[in-house]
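Take a look at the structure below.
The values are calculated or read from the model by the stated rules, or taken from the named source; none is laboratory data. No experiment lies behind these values; they were computed from the predicted model shown. Please note: Cβ atoms are built from the backbone with ideal geometry, for glycine as well, and neighbour counts cover all protein chains shown. With ligands, DNA and RNA removed, areas are computed over all heavy atoms of the protein, side chains included. Shrake-Rupley method; radii C 1.70, N 1.55, O 1.52, S 1.80 Å.
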Amino acid sequence: MISKRFVIKRLLLLVPVLFGVATFVFAILHLAPGDPARVIAGQRASEEFVRQVRTELGLNDPIWVQYGRFLLEAVQLEFGNSYQIQKGTPVKQILRYKLPVTLEMALYGQFLGILFGIPVGLLGAIKQDAISDHVTRIGALAGISVPIYWSGPLLILLFAQVLGWFPASGRIASTFDINPITGVITFDTLVRGNFAAFESAAMHLFLPAAVIGIYSMALISRMMRSSMLEVIRQDYMRTARAKGQGSKITILKHGFRNALIPVVTVIGIQFGTLLGGAVLTETVFGIAGIGTLLVSAIQVGDYPVVQGTVLMFAGLFTLVNLLVDVTYSYLDPRIEQ
Amino acid sequence: MSTETQTEDVGQRGIVERLRASPFLSELLSNRLAVAGLTIIFAMVAIALYSRLFVDLGSVTQSQIGTNPNLAPPSWLSKKTAITGEYGTFAYPFGTDIQSRDIFSRVLYGTWLAMKYGTITVGASTLLGVGLGILAAYYGDITDNVIMRTMDVLLAFPSLLLALALVAIFGTGLWKVVIALTLVYTPRFARVVRGAALKVLEDEYIEATEALGAKDPRVIVRHILPNCLAPITVQSTLNFGLAIIDLAALSFLGFGAEAGTPSWGLMLSNGVKNGLLTGDWWWSFFPGLFLAITVLGFNLLGDGMRDALDPRMRETVD
């Protein structure tokens, strides 16, 4: 049972945090070097024109008026129009088609990580200090020590360059022209019934998902192992064994479910980190998601895009953390106290 | 845990004796993985110091076209090429890049840069975080709320994203990246330290010290700080690896080291962008290898420290 009181309390705690986040994002535009009006008008524009643009943007209003307007618009996810990257296009619309790209990649990666991470961690805990345990522990530690911008190129080198099994970059072969419906390419191609395009999209997704998966598998298996080890030592586990239950049944029936609780937390937190890491994964694999969007927006000084992207990331991150907390309280009702 | 009880009764004894008596240290040194981590770190520090003193910065920064072979693979791999004939098998153990610079020397010098900027980042965020965390715990109320709510806001961003947003404000360059990452890591230290300090504050001897007339700074420095050292050390060690990864990541994205600097992130970036699809794998392979090994060293040590502090995880069950 999810307690209503807990969820409401947790939501109320979010308000000051989100308020602070929005304030920080508002500050980016005003603290960053360069004059936004000059960026839009162009370097050669006349002083008069720049002044006109500044008035249009409302940059001449008192700072608190601008702040109030920003908060009102941010609630509606409006961040104005892009200065440079897609000049004149509302940031909201740009994000609408870039966000699914990033989420799709992260979700497939996370799925791979969960699929392999949980059994590996479980095995390590059951056979603690066996050779397989040591190997997977060191492997997992190596997994979190290798940055995505090195493991990515290594996979590209092996699977794309040497073996030629998977394409090195992009989302789909250039011969396909898929009009986005949702922006989730493996979904769109299937809905349109274009199976050849689906196959191409899936092949393109494999390497980025694998890189993310390796990292997330390392983290998840570590947490699964240590959490299971802790549970195995609990009194109720000893009781179950003393009752004459086989130790394998005890572990799976009583231990696994309880050990899963902290793992859920790690999966949630990990997903947030993945969103941040998307900046790197997308750069390595040449995927046009919100990660690469943010990087180029910072490079050219397209601040509405920077603001929109950063707020979007922070919002998603906060949402995931909220979901983790609520799931946690569902799995372990004691957490509320 | 064990160190806490230890420091209480050791009292005025010297630091060396305290360390020798510490079950934490002997526990740590009996952990093979932690010792491996320590060895890696010592080796990297040695390489860093060596390259700072003996590698000529000019030769690894400026173009060496004309002096060295261009984009040559590691010399010990190519048996019959012109390179080995002219220069010997170990002339360019990691090959050369597009500006004919020796990648081996560049990677060595990169070790110095990673260690230097990593130490500064982690050191600064440790100091800031420890200060804020202890203040929040000790003074409570409004101080606590203002500090910790600000930390919550910073923690509401994925770390790399916050670093990028700060870079958008500060501008690019290695030092600015260091400042950005310092701010990114500070909340983690503040949280850990606040938690540890609150636990210490519950102890009766703090009350006794205050009753004896000790002033705030004395209580904080003599009593609270020493008892928070264990979690601070673990957090710093684990964070060191992360700092090296993130510093290189920002250079990789083009916001950190300026062109020509032999930083691992920048070498990786150039190698991946220009060398990977043309088959010049060594360009990005070796900087990444050094980076990964260094980070592994810190993670091994940090993990070992955590295990040594938490003895519950050691005993095996059937």
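One residue stands out among those in segment A:305-330 that are more than 14 Å from chain B (Cβ to nearest Cβ) and not small (Gly, Ala, Ser): the one that is least open to solvent (accessible area, probe 1.4 Å), which is A:Val326. Restricted to helices (runs of 4 or more DSSP H) entirely inside segment B:41-150, those with at least 3 residues that are modelled with pLDDT under 80 and under 30 Å from B:Glu258 (Cβ atoms) are B:57-61. Scanning segment B:271-289 for residues that are of a type in the set (S, T, N, Q) and more than 8 Å from every other protein chain (Cβ to nearest Cβ) turns up B:Asn274, B:Thr278.
Taking the criterion of being among the acidic types (Asp, Glu) and at pLDDT 85 or above, the only residue of segment A:282-337 that qualifies is A:Glu282. Restricting attention to segment A:116-135 and to residues that are away from every other protein chain (no Cβ under 13 Å) and in contact (Cβ under 8 Å) with a residue 24 or more places away in the chain, the residue that is surrounded by the fewest Cβ atoms within 10 Å (Cβ to Cβ) turns out to be A:Phe116.
Selection of segment B:155-165 for residues being assigned to a helix (DSSP H, G or I) and either at the interface with another protein chain (Cβ under 7 Å from one of its Cβ atoms) or open to solvent by 40 Å² or more (accessible area, probe 1.4 Å) (or both) yields B:Leu155, B:Ser159, B:Leu160, B:Leu161, B:Leu164, B:Ala165. Against the conditions (1) without any contact (Cβ under 8 Å) to a residue 12 or more places away in the chain; (2) more than 17 Å from A:Ile28 (Cβ to Cβ); (3) assigned to a helix (DSSP H, G or I), A:Tyr97 satisfies every one except (1). Against the definition (away from chain A (no Cβ under 13 Å), more than 20 Å from the chain's Cα centre (by Cα) and touching a residue at least 60 places away in the same chain (Cβ under 8 Å)), how does B:Leu309 come out, yes or no? Answer is yes for this residue.
If the condition is being at pLDDT below 90 and over 21 Å from A:Val279 (Cβ atoms), then segment B:151-183 contributes only B:Asp152. Within segment B:174-218, being open to solvent by less than 10 Å² (accessible area, probe 1.4 Å) and not in a helix (DSSP H, G or I) holds for no residue.
Conditions tested, residue by residue: (1) of a type in the set (Ser, Thr, Tyr); (2) in contact (Cβ under 8 Å) with a residue 12 or more places away in the chain; (3) part of a helix (DSSP H, G or I); (4) open to solvent by 90 Å² or more (accessible area, probe 1.4 Å).
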| residue | (1), (2), (3), (4) |
| --- | --- |
| A:Pro16 | no, no, yes, no |
| A:Val21 | no, yes, yes, no |
| A:Ala27 | no, no, yes, no |
| A:Ala37 | no, yes, yes, no |
| A:Thr55 | yes, no, yes, no |
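All conditions in (1) farther than 27 Å from A:Gln299 by Cα; (2) polar (S, T, N, Q); (3) within 14 Å of another protein chain (Cβ to nearest Cβ) hold for B:Thr172, with the sole exception of (1). Taking segment A:136-176 as the range and being within 9 Å of chain B (Cβ to nearest Cβ), over 20 Å from B:Ile40 (Cα atoms) and in contact (Cβ under 8 Å) with a residue 12 or more places away in the chain as the test, the residues that pass are A:Ile148, A:Tyr149, A:Ser151, A:Gly152, A:Pro153, A:Ile156, A:Ala160, A:Ala168, A:Ser169. Checked against the criterion of being within 8 Å of chain A (Cβ to nearest Cβ) and open to solvent by less than 20 Å² (accessible area, probe 1.4 Å), the candidates B:Leu247, B:Leu296, B:Leu268 yield just one match: B:Leu268. When you look at A:Leu72, is it open to solvent by less than 80 Å² (accessible area, probe 1.4 Å), at pLDDT 80 or above and hydrophobic (A, V, I, L, M, F, W, C), yes or no? Judged against the criteria, A:Leu72 is not a match. Only residues that are under 20 Å from A:Pro90 (Cβ atoms), open to solvent by 30 Å² or more (accessible area, probe 1.4 Å), touching a helix residue (DSSP H, G or I) at 6+ places or on another chain (Cβ under 7 Å) and in contact (Cβ under 8 Å) with a residue 40 or more places away in the chain were counted in segment A:264-302, giving 1.
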